[in-house]
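Below is one structure, written out as structure tokens, with a few remarks after it.
The values are calculated or read from the model by the stated rules, or taken from the named source; none is laboratory data. Since we're looking at a predicted model, the values are computed, not measured. In this analysis, Cβ positions are derived from the backbone assuming ideal geometry, glycine residues included, and neighbour counts consider all displayed protein chains.
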């Protein structure tokens, strides 16, 4: 079974870039447009890992991390936050909320892959 | 994969790249004069292709990425979509220089100006007007990791990693972090369990284990810190370098007290040893005293062991220091030894005829020395096949990872020795074949599982001697070759006509034709149709052959048969009419007589009864169309190749001869049945018989008469 | 390649095949040897006389007479092997050419060389670089590189094999 990764971002191009890279490495990818959409998909699909943006409508990244960590079945789900360098404080906030790690935008496919390998194997 | 093997691979890559780059330069300069020469264009493309492929394999990602851009341009040229312009050759020459710089930079001999790299890439892209995104955005700036990997920078670190209990609540899996460390080099991980509470208090959602890790790596301490970047602030982490004070040669300092005392004559060594034997090890004493946990002793022992090994390695490297010798000098040496062997044969012959005692004894002495010299000279050239195996392991590992497949490489016959040049020239073909097996042969795990095969695919690389040749097999248990697909493709490419009727062997042979490649996609793995045709060319150049066997659904086997192209072999001299031939002694089983009566008894069939076994034979006089009077009695030299016994009928056997192999030259390359020539004691030339090929030729030409009984 | 041949005087080695005089650009000639023994290589065309030992190297010897449709070269006291360096398949190769006798080294000005007539030469005209004329004697200047092309040999080999 290929592992399933959900990319959560309101920017379609970022989602596509992430999806393209991950599929190329043999992962299955589910896309969600915001935190709310992500929670809905999490309820209906099997997902092994989440890569989420921070600033999104409806439910933002921090909110998503908190919500996921609150679910007993997803307590140990690896979650990577996509941040920009100016969001150092967000990084700490995300960490406090229970994110596994982060990746700084803009990133290259191999950087993404090394982060994914680090937390998902 | 140890750091050593990787280093060896990297060295090999650098050497290979240097050669390719100088070739490339010449080709480019030629190309300027003849911009439409397809052969030159192909040469440039292949040089880039090889540098890219090998570069990626050994972690020179910057070089691989950069080279990819140039390769892309020449791929377009090859397809006729881009013309060779002055601008293109200029850019490519600059690119070539830049690759050179990148390689030098990896040895710390130069620094790479990324602006130059960028500029070349951008200019190339403008030139080829990339708009469809085939050339991915260039990422180049990864030189720092390549630059830091130098053997001398290898260091050993002690890492203590103690996560806080709540580590798991961030979705972190510490095992993955440890695996990442394992990939950095030689690594010893000891899990410490003394903090795990008794079962009734144990909470599986908290992390109570902590780890001691000893890692020897060429990467720096920052790379180790990066491993733990996501758990920063969630664990206790200490990283210390522990091999700073290891000397390159401190064997004196490494002596134990008892040994030093013994050397000074203060005590006898065996007395010390017997005293020590009765004593417990320090670790055991400490554990017994309850002062230290067993896990910690284990960690300390591992540390001690690893440091010792590193020290040994360093000493070995210092003492087994080798020198690099240009191969032409080695060739010259082999030539000279060859001449010496020839002259020595004459000396011995003369001594025997002369019968003078002093001369005879000198001749014998010279003979002994010559043979010793011959053996050590040949020994210099021989390398075990195994020296290249590690590089293939790495190749398979990395490729399967990239492709999302599970594949192991099994190897066999690592100690099979082959001439250095042969091994070198085999490297490219083997890489191509193994790549094909991994990329096209072995299926994805799910597909395999559905087909009732183990998820893990196997590529088996084996080497072994078979008579006078070396057989190298690359087997995979993948999907096998698809005959129909090959045929369709060959027809589509215009390589064969629509209605061609081909045997299975001929169909598989199609994949070795230039311009045939079953890979449609452009990946860094399978390449762009540089493949089996090049493999075949390389193997042909070694006077070898490739045989392909395949069963759909069960896998494919590529068998490379190569002559043992030693420069000197033991041969058997035989006379046929006025000509003298050499039969390699390694395939000779025995010699028996053949009388006219024997031949009549078998009704002129070319078969002889040797102690109840029927052995087919080839009459060299007939086969080589040599006219001479019939003989009453001839001799059969019985040979065995591939478990097949075939006799060669000669006038008589002269005797054994140290045969210095000389090439017959390009003009006689295609002569079947003769593998080379040698110069005899009297200065005349004798031909060396290529026994397997002779047998094949005769089997093919007259299948019923010669071998059938 | 000798495009320069039309500009500067060039030295030529002249030799005889039967009664005809031939010439070779001296730059192509390495040395001239006495013809002693040659080892036949089976299953090769007849004009390939075999191989000889040239100071430790094995060098093929061709019978130019056979190659040019004349009779087999018989061994006499004057028979020589002219060792030449030819371009073969883009690489240079050393081989020996049998000649009935070697004459001399001469110098020919470009104007002393004429285009070979395209008919009546008995010899394939692409083997001929030109006709040299000296003291009322004509000689055929050979283009030795053209004589041993890969195609030539491949063709000859087929012939040799079917004959064997």
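Exactly one condition in (1) touching a residue at least 12 places away in the same chain (Cβ under 8 Å); (2) exposed (fewer than 13 other Cβ atoms within 10 Å of the Cβ) is not met by residue C:12; state its number.
With (1) touching a residue at least 12 places away in the same chain (Cβ under 8 Å); (2) exposed (fewer than 13 other Cβ atoms within 10 Å of the Cβ) applied to residue C:12, the lone miss is (2).
Check whether at least one residue in the range A:40-60 is at the interface with chain B (Cβ under 9 Å from one of its Cβ atoms) and without any contact (Cβ under 8 Å) to a residue 12 or more places away in the chain, and report yes or no.
No.
Taking the range B:416-465 as the region of interest, how many residues are part of a strand (DSSP E or B) and either crowded, with 21+ Cβ neighbours inside 10 Å or under 15 Å from the mean Cα position of the chain (by Cα) (or both)?
Final tally of qualifying residues: 10.
Regarding residue B:50, is this residue part of a helix (DSSP H, G or I), at negative phi, modelled with pLDDT of 85 or more and outside the structural domain of residue B:184 (by TED's automatic domain parsing)?
For residue B:50, the condition - part of a helix (DSSP H, G or I), at negative phi, modelled with pLDDT of 85 or more and outside the structural domain of residue B:184 (by TED's automatic domain parsing) - is not met.
Please find, within the range B:394-415, the residue that is modelled with the lowest pLDDT out of those that are surrounded by 17 or more Cβ atoms within 10 Å (Cβ to Cβ) and away from chain A (no Cβ under 14 Å).
B:394
Exactly one of (1) at pLDDT 85 or above; (2) surrounded by 15 or more Cβ atoms within 10 Å (Cβ to Cβ) is unmet by residue B:671. Its number?
It fails just one condition, (1).
Taking residue A:73 as the residue in question, decide whether it is touching a helix residue (DSSP H, G or I) at 6+ places or on another chain (Cβ under 8 Å) and more than 9 Å from chain B (Cβ to nearest Cβ).
no
Within the range B:653-669, can you find the residues that are within 7 Å of chain C (Cβ to nearest Cβ) and either outside any loop (DSSP other than H, G, I, E, B) or in contact with a helix residue (DSSP H, G or I) (Cβ under 6 Å, 6 or more places away or on another chain) (or both)?
Hits for the range B:653-669 are B:662, B:666, B:667, B:668.
Filter the range C:64-87 for residues that are within 10 Å of the chain's Cα centre (by Cα), more than 14 Å from chain B (Cβ to nearest Cβ) and either outside any loop (DSSP other than H, G, I, E, B) or exposed (fewer than 13 other Cβ atoms within 10 Å of the Cβ) (or both) and give the result.
C:64, C:65, C:82
Looking at the range A:63-121, which of its residues are farther than 18 Å from residue A:29 by Cα, modelled with pLDDT of 80 or more and assigned to a loop (DSSP other than H, G, I, E, B)?
Selection gives A:70, A:71, A:75, A:76, A:98, A:99, A:100.
Which one is modelled with the highest pLDDT among residues in the range A:1-15 that are away from chain B (no Cβ under 14 Å) and assigned to a helix (DSSP H, G or I)?
Of everything passing the filter in the range A:1-15, A:15 is modelled with the highest pLDDT.
What do you reckon, is residue C:90 more than 11 Å from every other protein chain (Cβ to nearest Cβ) and surrounded by fewer than 19 Cβ atoms within 10 Å (Cβ to Cβ)?
Judged against the criteria, residue C:90 is not a match.
Give me a count of the residues in the range B:578-617 that are touching a helix residue (DSSP H, G or I) at 6+ places or on another chain (Cβ under 7 Å) and exposed (fewer than 15 other Cβ atoms within 10 Å of the Cβ).
Residues that pass the stated criteria total 0.
Given the structure, is residue B:481 outside any helix (DSSP H, G or I), in contact with a helix residue (DSSP H, G or I) (Cβ under 7 Å, 6 or more places away or on another chain) and at pLDDT 90 or above?
Criteria not met by residue B:481.
Tell me, which residue of the range B:202-220 that is touching a strand residue (DSSP E or B) at 6+ places or on another chain (Cβ under 6 Å) and touching a residue at least 60 places away in the same chain (Cβ under 8 Å) is nearest to residue B:192 (Cα to Cα)?
Taking the candidates together, the pick is B:212.
Kindly establish whether residue B:343 is loosely packed, with under 12 Cβ neighbours inside 10 Å, in a helix (DSSP H, G or I) and modelled with pLDDT of 80 or more.
Here the answer is no, as residue B:343 does not meet what is asked.
Given the condition within 23 Å of residue B:163 (Cα to Cα) and either part of a loop (DSSP other than H, G, I, E, B) or at pLDDT below 85 (or both), answer yes or no: does some residue in the range A:33-43 qualify?
no
Residue B:604 is checked against (1) outside the structural domain of residue B:443 (by TED's automatic domain parsing); (2) in a strand (DSSP E or B) and fails just one. What number does that condition carry?
Tallying (1) outside the structural domain of residue B:443 (by TED's automatic domain parsing); (2) in a strand (DSSP E or B), residue B:604 fails exactly one: (2).
Output the number of the condition that residue B:243 fails; it satisfies all remaining conditions of (1) modelled with pLDDT of 85 or more; (2) more than 26 Å from residue A:95 (Cβ to Cβ).
Tallying (1) modelled with pLDDT of 85 or more; (2) more than 26 Å from residue A:95 (Cβ to Cβ), residue B:243 fails exactly one: (1).
Can residue B:585 be described as away from chain C (no Cβ under 14 Å) and within 25 Å of residue B:334 (Cβ to Cβ)?
Criteria met by residue B:585.
Please state which one of A:33, A:18 is away from chain B (no Cβ under 14 Å) and out of contact with any strand residue (DSSP E or B) (no Cβ under 7 Å at 6 or more places or on another chain).
A:33
Quick test of your reading of the structure: residue B:679 fulfils all but one of (1) farther than 16 Å from residue C:52 by Cβ; (2) within 13 Å of another protein chain (Cβ to nearest Cβ). Name the failing condition by number.
Evaluating residue B:679 over (1) farther than 16 Å from residue C:52 by Cβ; (2) within 13 Å of another protein chain (Cβ to nearest Cβ) leaves (1) as the failure.
Yes/no matrix, rows are residues, columns are (1) assigned to a helix (DSSP H, G or I); (2) within 29 Å of residue B:11 (Cβ to Cβ); (3) at pLDDT below 80:
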position: B:81; (1), (2), (3): no, no, yes
position: B:92; (1), (2), (3): yes, yes, no
position: B:100; (1), (2), (3): yes, yes, no
position: B:112; (1), (2), (3): no, yes, no
position: B:135; (1), (2), (3): no, no, yes
position: B:144; (1), (2), (3): yes, yes, yes
position: B:149; (1), (2), (3): no, yes, yes
position: B:177; (1), (2), (3): yes, no, no
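Do the conditions hold for residue B:88, that is, is it closer than 18 Å to residue B:26 by Cβ, touching a residue at least 24 places away in the same chain (Cβ under 8 Å), touching a helix residue (DSSP H, G or I) at 6+ places or on another chain (Cβ under 7 Å) and away from chain A (no Cβ under 14 Å)?
It is true that residue B:88 is closer than 18 Å to residue B:26 by Cβ, touching a residue at least 24 places away in the same chain (Cβ under 8 Å), touching a helix residue (DSSP H, G or I) at 6+ places or on another chain (Cβ under 7 Å) and away from chain A (no Cβ under 14 Å).
Just name the residue that is farthest from residue C:93 (Cα to Cα) out of those in the range C:6-56 that are in a strand (DSSP E or B) and at the interface with another protein chain (Cβ under 7 Å from one of its Cβ atoms).
Taking the candidates together, the pick is C:39.
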